[in-house]
Amino acid sequence: MGIILRIKAFPVFDFDGTISSFIEVTEDITQRRKEKEEIQKIRHLESVGVLAGGIAHDFNNILA
């Protein structure tokens, strides 16, 4: 994965209300996106663990 950028553009108006130019703000959100993906992976693993624990508990109850 490469660099992920967030680009925002804001118009600059003349006194008569017409757009004369734009101001652009660029933000590097690569690290934020990687952290978000890692959190999603962790949550997925936690939910799989809970599911496996529930299945093991039910199987243990069947054996008992």
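Computed from the coordinates by the stated procedures, all read-outs in this text should not be read as laboratory data. Source: prediction; values computed, not measured. Don't worry about glycine lacking a Cβ; one is built from the backbone with ideal geometry, like all the others, and counts go over all protein chains shown.
Summary table
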item	result
Förster radius 30 Å - calculated FRET efficiency between N60 and E37 (Cβ-Cβ, nearest 0.05)	0.30
Cα long-axis angle, helix 30-63 against the chain (0 to 90 degrees, to the nearest 10)	20 degrees
Alpha carbon centroid spacing (whole Å) that separates the range 1-16 from the range 27-64	37 Å
Evaluated at q = 0.27 Å⁻¹: base-10 log I(q)/I(0), Debye formula over Cα of the chain	-1.04
Pairwise label distance in nanometres, A52 with F15, each label 7 Å out on the Cα-Cβ vector	7.1 nm
